[in-house]
1. Check whether at least one residue in the range 79-99 is surrounded by 13 or more Cβ atoms within 10 Å (Cβ to Cβ), over 12 Å from the mean Cα position of the chain (by Cα) and closer than 24 Å to residue 121 by Cβ, and report yes or no.
2. Within the range 108-143, track down each residue that is in a helix (DSSP H, G or I) and under 30 Å from residue 83 (Cβ atoms).
3. Of all residues in the range 74-95, which are assigned to a loop (DSSP other than H, G, I, E, B) and farther than 17 Å from residue 38 by Cβ?
4. What residue, of 70, 108, is hydrophobic (A, V, I, L, M, F, W, C), free of Cβ contacts under 8 Å to residues at least 40 places away in the same chain, under 19 Å from residue 145 (Cβ atoms) and touching a Phe, Trp or Tyr at 6+ places or on another chain (Cβ under 9 Å)?
5. Considering only residues that are at pLDDT 70 or above and in a helix (DSSP H, G or I), look in the range 26-41 and name the one that is nearest to the chain's Cα centre (by Cα).
6. When the range 42-73 is examined, which residues are found to be aromatic (Phe, Trp, Tyr) and either in a loop (DSSP other than H, G, I, E, B) or more than 24 Å from residue 14 (Cβ to Cβ) (or both)?
7. Just to be sure I understand the filter: pairs with C-beta atoms under 9 Å, separated by 6 or more residues or on different chains, first member in the range 120-136 and free of Cβ contacts under 8 Å to residues at least 40 places away in the same chain and among the polar types (S, T, N, Q), second member assigned to a helix (DSSP H, G or I) and surrounded by 14 or more Cβ atoms within 10 Å (Cβ to Cβ). Which pairs pass?
8. Across the range 54-72, what is the total count of residues that are surrounded by 12 or more Cβ atoms within 10 Å (Cβ to Cβ) and either among the basic types (Lys, Arg) or more than 13 Å from residue 106 (Cα to Cα) (or both)?
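The values are calculated or read from the model by the stated rules, or taken from the named source; none is laboratory data. Bear in mind that the values here come from a model prediction, so they are computed numbers and not experimental data. Cβ coordinates were reconstructed from backbone atoms using ideal geometry, including for glycine residues, and neighbour counts include every protein chain displayed.
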Amino acid sequence: MAAIANLRQSISDWIFRASFPEAPPVTLVQRRIFILPSRQGYVFAFVLLLLLIGSINYNLSLGYALTFLLMSMGGVAMLQAFHGPFPALKFCPTGGITAETAPNFLALPNVVCVGGSWLTPKAALAARNWDEVTRLARGASELAAHQH
């Protein structure tokens with residue numbers, strides 16, 4: 001337990017190390033935003049990992065759906081949590097976003113757009129089916145227009 005406490009203190013000292021204050025406005029970029037999960041966050045991530053491993057092991061389609069649904073809900077909750085202390089911060093989430101989960105993200109006041117590979121499926125690209133890609137892009141732009 002002492003090793004964990006020392007490690008936690010070392011990480012805290014590193015994150016909150018003294019530095020010269022910058023003149024405003026300060027631009028927040030990816031390297032300056034830290035997400036430090038709580039104990040509940042670690043438990044949530046562990047449960048997601050167990051669900052994913054179980055779904056892979058037993059080839060459970062419903063398990064995959066549940067895992068990725070919970071994962072997207074965790075992302076939405078994280079963005080909602082950021083809106084409180086950083087109301088001017090805007091996000092464009094791209095990882096793990098699907099056409100079904102995009103409305104959840106777009107409904108947040110601090111999300112300006114979303115990206116996802118559903119717009120350009122590999123099969124459509126390989127077949128050079130530009131009509132399908134255009135149809136999906138139109139659907140995504142209509143989805144965004146209805147949210148904001």
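1. Yes - at least one qualifying residue is present in the range 79-99.
2. Scanning the range 108-143 gives 117, 118, 119, 136, 137, 138, 139, 140, 141, 142, 143.
3. At the first step, the residues of the range 74-95 found to be assigned to a loop (DSSP other than H, G, I, E, B) are 84-90, 92-95.
86, 87, 88, 89, 90, 92, 93, 94, 95, listed by residue number.
4. Values: 70 fails: under 19 Å from residue 145 (Cβ atoms).
One residue alone meets the criteria, 108.
5. So, considering only residues that are at pLDDT 70 or above and in a helix (DSSP H, G or I), the one nearest to the chain's Cα centre (by Cα) is 41.
6. Of everything in the range 42-73, those that are aromatic (Phe, Trp, Tyr) and either in a loop (DSSP other than H, G, I, E, B) or more than 24 Å from residue 14 (Cβ to Cβ) (or both) turn out to be 44, 46, 58, 64, 68.
7. Once the first residue is free of Cβ contacts under 8 Å to residues at least 40 places away in the same chain and among the polar types (S, T, N, Q) and sits in the range 120-136, its partners that are assigned to a helix (DSSP H, G or I) and surrounded by 14 or more Cβ atoms within 10 Å (Cβ to Cβ) give 120/133; 120/136.
8. The total comes to 13.
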